[in-house]
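Throughout, read-outs are computed from the coordinates displayed, never taken from laboratory work. Worth saying up front: this structure is predicted, and the values here are computed from it rather than measured. Glycine also receives a Cβ, built like all others from the backbone with ideal geometry; neighbour counts cover every protein chain displayed.
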Amino acid sequence: MSDSLNRSWVKGADDAEGGFGLDNLPMGSIALEGRGARVAVRIGDFALDCRSVVETGLCDRLDRRVRDALAGESLNEFMGLGQVAWRSARAEFRRLLSAGVPDLRDHKVVGAALIPQWGSSLRLPCDIGDYTDFYASIHHATNVGSMFRPDQPLLPNWKHMPIGYHGRSSSIVVTGTSIVRPNGQTVAQDAGPPSFGPTKLLDYELEVGALIGTGNALSQPIAIDRALDHVFGLVLLNDWSARDVQKWEYQPLGPFLAKNFASTLSGWVVMVDALAPYRVALPSRPEGDPEPLAHLRAGHDCLFDVHLEVTIASAAMRAAGTPATQVCLGNFSQMYWSLAQMIAHHTSGGCNLRPGDLLASGTVSGPEPESRGCLLERTWRGTQPITLGDSTQRKFLEDGDEVVMRAWCDRPGKPRIGFGECRGVVLPAR
Ligand code: CA
């Protein structure tokens, strides 16, 4: 491929630090004044309105169904078309955005199709039908388990299957949405009695989410070696959590109101094909750990080398222009259970997944204290507070705090792939 097909004519798209060049092209949905909601592709700092491009006829070589889905309001229909359709559209956008192809660059629609200030118009990329949250990091599960059950941090099932629960999709919001501190039942002593009021232990959880593209029919499980073919792409997720509510309510059926008040999704979906250079093998299990059962054993590289970061900025820091404080730097490749295993397990009893379903990894924590993906672990239940850039201390989140999660892939000789942000400010309880 000549160089003019590897560079883009879009200003700034090839910036080395950007992560949104021709090799990424994540997809999302934006709502534009006067135009309504549109499927969009991110290129550099711009959002490309797909319907406007389809209407020019410049991508008429794409299958009619693909063009119709790209002209829609959100990604569900396109996601359901499957890998061949995703690849054809990706290749077509790559062609039309490359420096060697002037068709779109010189077309009169380009001024309207390429949106520079899309920040406030970003929507959830698709209608999320079902949301499942896993608990797949051994560092997170061991840390949290040891706080609540020092004698037995990991329960006997943990190394045999990716543990998860069915979450709530109605309260998933897109990056930039403020979060209201939830009220809930909490207890001063383990056995109660409870009182009702604002959570005192509000936390974030750093997670990676997979949006399902093509689903499976009821009672037809997805085989592990086909599992990633069903994934449209990955996003960042902040699974906001009320720890004091969680502690009182979680037995015997698991998290409920501690998790269902809000979860924040980054808006741009990084497609699995864009992550191909960053696929890595699941390492051999440590000696003494059980091998997974046959239906959970993958014959391919199914982890992703994605750097993850969390920062916090208090209201005072933002007012003073003080940079946000980095409170976590981790990597998604440190998971014990892979996404492919989560999908194989999820469907192994016959459960059907549908286009737009969200499967989240659970908190991504690494072995080092700096790579712990939530404040519960990072401050060790509040016993080791962290200090922010305004010299205040945090055990858990305070009103006015802004949490920003970022993710990117970067290796020498490989294109940088950005995920963008997952951002939210904590508002006082109502
Ligand atoms: Ca979670």
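Taking the helices alone, the chain has a mean residue ellipticity at 222 nm of -4500 deg cm²/dmol, built from -39,500 (n - 2.57) per DSSP H run of at least 4 residues and averaged over all its residues. Dividing the Cα radius of gyration of segment 7-70 by its Kirkwood radius returns 1.00 for Rg/Rh. Here the peptides 419-430, 264-275, 191-202 are ranked by packing, the mean other Cβ count within 10 Å, and the order with the highest first is 264-275, 419-430, 191-202. Taking θ as phi - 60° and the Karplus parameters 6.51, -1.76 and 1.60, the scalar couplings of segment 304-317 work out to 10, 7, 10, 6, 10, 9, 10, 10, 10, 10, 6, 4, 5, 5 Hz in sequence order, x denoting glycine and proline. Fully extending the segment from residue 4 to residue 68 would add 20.1 nm, taking 0.36 nm per residue of separation and subtracting the current Cα-Cα distance. Around the amide H of residue 263, modelled in the peptide plane, lie the amide H atoms of 172, 173, all under 5 Å away and 5 or more residues distant in sequence or on another chain.
Under a model in which nothing but the beta-carbon of Lys, Arg (+1) and Asp, Glu (-1) is charged, the chain shows a dipole of about 380 debye around its Cα centre. With a point put 7 Å past each Cα toward its Cβ, work out how far residue 279 is from residue 170 in nm, to one decimal. Label-label distance for residue 279 and residue 170, simple model: 3.8 nm. The angle between the Cα long axis of helix 83-97 and the longest principal axis of the Cα atoms of the chain comes to about 60 degrees, rounded to the nearest 10.
State the Cα centre-to-centre distance between segment 185-235 and segment 355-430 in whole Å. Cα centroid of segment 185-235 versus Cα centroid of segment 355-430: 16 Å apart. The ranking of 87, 123 by Cβ neighbour count inside 10 Å, starting from the fewest, reads 87, 123. Karplus-based coupling profile of segment 10-15, in residue order and whole Hz: 6, 4, x, 5, 8, 3, with θ = phi - 60° in 6.51 cos²θ - 1.76 cosθ + 1.60 and x standing for Gly or Pro.
The angle between the Cα long axis of helix 138-148 and the longest principal axis of the Cα atoms of the chain comes to about 30 degrees, rounded to the nearest 10. Restriction of the GluC sites (Glu not before Pro) in segment 234-342 to DSSP coil positions whose beta-carbon has at most 15 other beta-carbons within 10 angstrom yields 287.
The gain in end-to-end length when the residue 177 to residue 33 segment is fully stretched comes to 50.0 nm, 0.36 nm per residue minus the alpha carbon separation.
For segment 237-297 versus segment 70-117, the spacing of their alpha-carbon centroids is 31 Å. Each principal axis of the Cα cloud of the chain was taken in turn, and the coordinate range along them, longest first, works out to 68, 56, 38 Å.
When you count the other C-beta atoms within 10 angstrom of each residue and take the mean per peptide, 208-215, 396-403 line up highest first as 208-215, 396-403. Rounded to whole numbers, the Karplus 3J(HN,Hα) couplings from phi for segment 118-126 are 9, x, 7, 9, 5, 10, 4, x, 7 Hz, using 6.51 cos²θ - 1.76 cosθ + 1.60 with θ = phi - 60°, and x at Gly and Pro.
Computed log10 I(q)/I(0) for segment 131-202 at 0.13, 0.16, 0.23 Å⁻¹: -0.64, -0.92, -1.11, from the Debye equation with unit scatterers placed on every C-alpha and solvent omitted.
Taking amide H positions as modeled 1.01 Å from N, with prolines and chain starts lacking one, the residues under 5 Å from residue 184 and 5 or more places away or on another chain are 197, 199.
Inter-label distance, residue 108 to residue 120: 3.0 nm, where each label sits 7 Å from its Cα along the C-beta direction. Label separation (residue 191 vs residue 381): 1.9 nm, computed from points 7 Å beyond Cα along the C-beta direction. Quick check: from the Cα gyration tensor, does segment 3-123 come out rounded (a/c under 1.5), prolate or oblate? Rounded, since a/c falls under 1.5.
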